[in-house]
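**Q** One structure coming up, written as structure tokens, with questions to follow.
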Amino acid sequence: MKTTVILFDGVCSLCSGVVRFVIERDHAGRFRFAPLQGEAARRICAEHGIAVPDAGDPESIVVIDGGRALERSAAALAIAAGLPFPWSTLRALRIVPRPLRDWTYRIVARNRYRWFGRQDACLVPTAEIRARFLD
């Protein structure tokens, strides 16, 4: 089975909520997770030749899918594509031009702490899902 890695802002309530959402629906265990504030994310970004997003306020999630590093809306759509129906149908949004998708993504990213909140520490996985986290 192909594994997809999601690097997310571990102190962002929205981002942590998305991770919980994915875990609840990813019955096959395809996705693995690491907070951008951790060592695993820095190592993975370096391996793929991409700049590590600012750990203090990362603008984007990063998805490593099939050896490709995806950011912003492309990352979000890759996550949706890996989920079961009906969530996988969201990949149809690829028809929207990427600049428009990324513009919308950046608006949410810029306001996510104000709209959804910020946690004092990274998401701590429960014992049952711990193996799916790289850090």
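**Q** If Rh is defined by the Kirkwood formula over all Cα pairs and Rg also comes from Cα, what ratio Rg/Rh do you get for the chain? Don't skip to the answer; put the middle values down first.
**A** On the way: Rg = 14.0 Å, Rh = 15.0 Å.
Expressed as Rg/Rh, it is 0.93.
**Q** To continue, here is another question. Under the rule of at least 5 residues apart or a separate chain, name every residue whose amide H is placed under 5 Å from the amide H of Ile61.
**A** Residues meeting the amide H criterion: Arg72.
**Q** With N set to the residue count of segment 4-55, report its C-alpha Rg divided by 2.2 N^0.38 Å to two decimal places.
**A** 1.16
**Q** For the chain, what does the relative contact order come out to in percent, with C-alpha contacts under 8 Å and a separation of six or more? It would help to have the intermediate numbers written out before the result.
**A** On the way: 183 pairs, mean separation 44.7, N = 135.
Relative CO of the chain lands at 33 percent.
**Q** I would also like to ask the following. Separation between the Ala81 and Ala131 pseudo-spin-labels, each 7 Å from Cα along Cα→Cβ, expressed in nm?
**A** About 2.8 nm separates the two model spin labels.
**Q** Moving to a separate point now. What figure in square angstrom, to the nearest 10, would you give for the accessible area of Glu71 with a 1.4 Å probe?
**A** 50
**Q** Compute the distance in nm between two label points, each set 7 Å from the Cα along the Cα-to-Cβ direction, one at Arg30 and one at Lys2.
**A** It is 0.8 nm.
**Q** Grab the beta carbon distance between Arg43 and Asp120, set R0 = 30 Å, and tell me the FRET efficiency rounded to 0.05. Provide the component values of the computation, followed by the final result.
**A** Values: r = 25 Å, r/R0 = 0.82.
FRET efficiency, Arg43 to Asp120: 0.75.
**Q** Over the chain, what percent of the accessible surface lies on carbon and sulfur atoms, probe 1.4 Å? Please list the in-between numbers first.
**A** Values: 4340 of 7350 Å².
Looking at the chain in its full context, I get 59 percent from C and S.
**Q** Could you give the accessible area per residue of the chain, probe 1.4 Å, as a whole number in Å²? Don't skip to the answer; put the middle values down first.
**A** On the way: 7350 Å² over 135 residues.
Here the per-residue accessible area is 54 Å².
**Q** Measuring from centroid to centroid over Cα atoms, what is the spacing of segment 30-93 and segment 99-119 in Å?
**A** 15
**Q** Quick one: work out the % antiparallel among DSSP beta bridges in the chain, nearest 5.
**A** On the way: 9 of 15 bridges.
Taking every DSSP beta bridge within the chain, about 60 percent pair in antiparallel fashion.
**Q** If I require 15 Å or longer along the helix axis, counting alpha carbons, and a Kyte-Doolittle average no lower than 0.5, what helices from the chain are left? Use full DSSP H segments.
**A** Span-like helices, by this rule, are 13-25.
**Q** Would you work out the Kirkwood radius for segment 60-129? I mean one over the mean of 1/r across all pairs of different Cα atoms, in Å. Could the numbers behind the result be given before it?
**A** Values: mean 1/r = 0.0723 Å⁻¹.
Averaging 1/r across every pair of different Cα atoms and inverting gives 13.8 Å.
**Q** Expected output is a single nm value to one decimal: the length gained when fully extending between Arg68 and Ile95, i.e. 0.36 nm times separation in residues minus the C-alpha distance. What is it?
**A** Gain in length upon complete extension: 7.7 nm.
The values are calculated or read from the model by the stated rules, or taken from the named source; none is laboratory data. Everything numeric in this text was worked out from a predicted model, so none of it was measured. We place every Cβ from the backbone using ideal geometry, glycine too, and count neighbours over all the protein chains shown. These area figures cover heavy atoms from the full protein model, side chains too; ligands, DNA and RNA do not enter into them. Shrake-Rupley method; radii C 1.70, N 1.55, O 1.52, S 1.80 Å.
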